[in-house]
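Chemist: Here it is, the structure, as structure tokens.
The values are calculated or read from the model by the stated rules, or taken from the named source; none is laboratory data. All values derive from a computational prediction rather than experimental measurement. Glycine gets a Cβ as well: all are built from the backbone with ideal geometry, and neighbour counts include every protein chain shown.
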Amino acid sequence: MKKSSFQKPLSKTRAQEILNAYGADPERWPEDERQSLIQLLAQSPELQALRETGALLDGLLDEWQPKLSCSTDTLISSLPAQPRRKQNWPDQLAAFFFPGSMAWRQAILAGIPLMLGFIWGLSGEPPEDDWTETEFLIFNPPLEVITDE
């Protein structure tokens, strides 16, 4: 599709917005408004002064070279302080038995019941008694029948 040769005239407000946003270099301006802005600049001393101020700012920004640092310590020190996490009872128990800030103490606490079960399982032969009836009564207690006699 061919562009129309007719363009809307550019307002001074829009010209100021373009100069403030894109700077003084015409290569940075929006392509469809570039010609209109150049024509408007030739007619307006106010816009020419704004463009000169923008050129000074562009020059300063182009010269500015920020110092880059890749230090982890700098990054960590720039982070905001985090509040200490409130210890819950498993953490307090682990800290009591395993002092220090070691991360493996939670794994040890989780492994203790497993080790106890393993040792208990290796402790000997299962009893000769048949527990099936006792287990049945434990999980299914007999119903008490109340009668009026």
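Chemist: Among 125, 135, which is the only one that is among the charged types (D, E, K, R), more than 45 Å from the chain's Cα centre (by Cα) and either at pLDDT 80 or above or not in a helix (DSSP H, G or I) (or both)?
Modeler: Just a single option satisfies the conditions, and that option is 125.
Chemist: Determine whether the stretch 73-82 contains at least one residue that is exposed (fewer than 15 other Cβ atoms within 10 Å of the Cβ), of a type outside the set (S, T, N, Q), in contact (Cβ under 8 Å) with a residue 12 or more places away in the chain and assigned to a helix (DSSP H, G or I).
Modeler: no
Chemist: Among the residues of the stretch 45-65, is any at pLDDT below 80 and assigned to a loop (DSSP other than H, G, I, E, B)?
Modeler: Of all residues in the stretch 45-65, those at pLDDT below 80 come to none.
No, the stretch 45-65 contains no residue that is at pLDDT below 80 and assigned to a loop (DSSP other than H, G, I, E, B).
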